[in-house]
Amino acid sequence: MEAFEVIEILEKGEDSQHQFKRDITNAESLAGEMVAFSNTNGGIIIIGVNDNGELIGLSNDDIKRINQLVSNTATNNVKNPINPITENIKISDALLIIVHIEDGIDKPYMDNNGVTWVKSGSDKRRVTSREELRRLFQSSDLIHADEIPVIGSSENDIDLKYFKKFYKNQYEEELDESNLSLIQLLNNLNLAKDNTLNLAGLLLFGKAPEKFKPSLIVKAICFIGNDPAGDKYRDSIDIKGKLKVQYSGSIEFLKRNLKYVQKNNGINTLGEPEIPIIVLEELIVNALIHRDYFINAPIRLFVFDDRIEIISPGRLPNNLTIENIKSGNSNIRNDVLTSFATKELPYRGIGTGIRRAIKNYSDIDFVNDIEGEKFIVIIQRSDNK
């Protein structure tokens, strides 16, 4: 790093990606910082400054000692071991060490005491919930939420009529003609394990997924005005049921709460929606397929006078950025749901949905809320452009 870059960071203060240390002598404490950064997007530790970012400096002996401590801690006190990069830099007369820690690819990391740490603002905190640990496993592609068995569910919770129709369309034979039982078929399709449905099976073909997990819904509200804290609304509904029902219900909710413009059509025609339906279809499908199902929160669909917001639980997975997804990059979070979505929903699975939405309606903003663990799509309404 250049000296001016370090000075700029010090002036801004500590945050989720920058930690200041006057000195480091304790391997256990250092391991906690390394684990937290490795589990949370990476970052740097600047050693030789106080908490306010003022230069203190290190001696030559300190430089040698700390570099060795960093190396030994990363190897012996972090599980799995990581490979931080150290950089010695001089600013004015002060010697500093910059420790660069990458976003880990083998999460979750933990210290020698078995504690998993993540960053929380400029500090760190212990991970105590199973859901958060699962999300860390998910980021390393070791576990997927849609493959987790839903305790208490069984083949009896399948919408049999719906599944039979799907089976006939896909495999060109009646379900009753198969030599396998229903639960065997569900297991073979990766929709169940033993006698229990997984989340994908429940969402795709279940009678009432929300009975087992109440967060598996879309909460849709059309507000009067532009304030999400407002208590006046024109329309409100909890859209429940299997994934296809949630999709169609969300689109119908938006259609009935949009304005329709005559343009060049005759006065007796309904007119065209202010936002092209293909845009709404692409963004709703994206929310349903790519949300983080480890987070127990519904998708929220808010219609305001000046905008529409689609709020999905979970930030963008792994190293995806907003620029990435605008360019057509994708990272599959829910493998089973994605594989079936091309059969059940207007979904192509090739990473072009966001690009297609922007092409058809450019006034769309995206917010990847890392701290709040949510991804927000904001569609400006045409009358407010």
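The values are calculated or read from the model by the stated rules, or taken from the named source; none is laboratory data. None of these values were measured; they are calculated from a predicted model. Reconstructed Cβ throughout: ideal geometry from the backbone, glycine too, with neighbour counts over all protein chains shown.
Quick one: would you say Pro276 is out of contact with any Cys (no Cβ under 6 Å at 6 or more places or on another chain), of a type outside the set (A, V, I, L, M, F, W, C) and either under 24 Å from Asp238 (Cα atoms) or in the same structural domain as Leu202 (by TED's automatic domain parsing) (or both)?
On the way: out of contact with any Cys (no Cβ under 6 Å at 6 or more places or on another chain): yes; of a type outside the set (A, V, I, L, M, F, W, C): yes; either under 24 Å from Asp238 (Cα atoms) or in the same structural domain as Leu202 (by TED's automatic domain parsing) (or both): yes.
So Pro276 passes the test.
Residue check: is Gly372 closer than 15 Å to Leu283 by Cα and of a type outside the set (Asp, Glu)?
no
Can you name the residue in region 236-272 that is modelled with pLDDT of 95 or more and assigned to a strand (DSSP E or B) and is also surrounded by the fewest Cβ atoms within 10 Å (Cβ to Cβ) among such residues?
The residue in question is Ser236.
Need a quick list: helices (runs of 4 or more DSSP H) entirely within region 304-360 having at least 1 residues that are more than 18 Å from the chain's Cα centre (by Cα).
335-344, 353-360
Among the residues of region 260-274, is any touching a residue at least 24 places away in the same chain (Cβ under 8 Å) and of a type in the set (Lys, Arg)? Full working, then the answer.
Pass one, region 260-274, residues touching a residue at least 24 places away in the same chain (Cβ under 8 Å): 261, 274.
From what is left, the residues that are of a type in the set (Lys, Arg) are none.
No, there is no match, as no residue in region 260-274 is touching a residue at least 24 places away in the same chain (Cβ under 8 Å) and of a type in the set (Lys, Arg).
With the requirement that a residue be touching a residue at least 40 places away in the same chain (Cβ under 8 Å) and more than 27 Å from the chain's Cα centre (by Cα), what does region 14-24 give you?
Asp23, Ile24
Report yes if some residue within region 33-45 is more than 30 Å from the chain's Cα centre (by Cα) and modelled with pLDDT of 95 or more; otherwise report no.
Here is the first cut: in region 33-45, the ones more than 30 Å from the chain's Cα centre (by Cα) are none.
Within region 33-45 (the criterion being more than 30 Å from the chain's Cα centre (by Cα) and modelled with pLDDT of 95 or more), the answer is no, since none of the residues qualifies.
Among (1) assigned to a loop (DSSP other than H, G, I, E, B); (2) at pLDDT 95 or above, where does Pro228 come up short?
Against the list (1) assigned to a loop (DSSP other than H, G, I, E, B); (2) at pLDDT 95 or above, Pro228 comes up short only on (2).
Right, Lys168: among the basic types (Lys, Arg), touching a helix residue (DSSP H, G or I) at 6+ places or on another chain (Cβ under 9 Å), at pLDDT below 95 and in a strand (DSSP E or B) or not? Spell out how you get there, then give the answer.
Details: among the basic types (Lys, Arg): yes; touching a helix residue (DSSP H, G or I) at 6+ places or on another chain (Cβ under 9 Å): yes; at pLDDT below 95: yes; in a strand (DSSP E or B): no.
No.
Go through (1) within 22 Å of Pro149 (Cβ to Cβ); (2) touching a helix residue (DSSP H, G or I) at 6+ places or on another chain (Cβ under 7 Å) for Lys213 and report which single condition fails.
Only one criterion in (1) within 22 Å of Pro149 (Cβ to Cβ); (2) touching a helix residue (DSSP H, G or I) at 6+ places or on another chain (Cβ under 7 Å) is unmet by Lys213, namely (2).
Which one of Asn76, Asn41, Asn67 is within 27 Å of Ile370 (Cα to Cα), polar (S, T, N, Q) and surrounded by fewer than 21 Cβ atoms within 10 Å (Cβ to Cβ)?
Details: Asn76 fails: within 27 Å of Ile370 (Cα to Cα); Asn67 fails: within 27 Å of Ile370 (Cα to Cα).
That would be Asn41, the only listed residue that is within 27 Å of Ile370 (Cα to Cα), polar (S, T, N, Q) and surrounded by fewer than 21 Cβ atoms within 10 Å (Cβ to Cβ).
Give Ile44, Ile56, Ile63, Ile85 a once-over and let me know the one that is in the same structural domain as Asp103 (by TED's automatic domain parsing), in contact with a Lys or Arg (Cβ under 9 Å, 6 or more places away or on another chain) and either within 24 Å of Gly13 (Cβ to Cβ) or in contact (Cβ under 8 Å) with a residue 12 or more places away in the chain (or both).
On the way: Ile44 fails: in contact with a Lys or Arg (Cβ under 9 Å, 6 or more places away or on another chain); Ile63 fails: in contact with a Lys or Arg (Cβ under 9 Å, 6 or more places away or on another chain); Ile85 fails: in contact with a Lys or Arg (Cβ under 9 Å, 6 or more places away or on another chain).
Going through Ile44, Ile56, Ile63, Ile85 in turn, the sole match is Ile56.
Has region 46-65 got at least one residue that is within 17 Å of Asp123 (Cβ to Cβ), touching a His at 6+ places or on another chain (Cβ under 9 Å) and at pLDDT 95 or above?
The answer is yes, given that some residue of region 46-65 is within 17 Å of Asp123 (Cβ to Cβ), touching a His at 6+ places or on another chain (Cβ under 9 Å) and at pLDDT 95 or above.
Out of the residues in region 310-330 that are in contact with a strand residue (DSSP E or B) (Cβ under 9 Å, 6 or more places away or on another chain) and of a type in the set (Ser, Thr, Tyr), which is modelled with the lowest pLDDT?
Here the answer is Thr321.
Of (1) surrounded by 13 or more Cβ atoms within 10 Å (Cβ to Cβ); (2) in a helix (DSSP H, G or I), Ser153 satisfies all except one. Which?
Evaluating Ser153 over (1) surrounded by 13 or more Cβ atoms within 10 Å (Cβ to Cβ); (2) in a helix (DSSP H, G or I) leaves (2) as the failure.
Give the residues of region 79-128 that are closer than 20 Å to Ile24 by Cβ, of a type in the set (Asp, Glu) and surrounded by fewer than 19 Cβ atoms within 10 Å (Cβ to Cβ), sorted by residue number.
Scanning region 79-128 gives Glu87, Glu102, Asp123.
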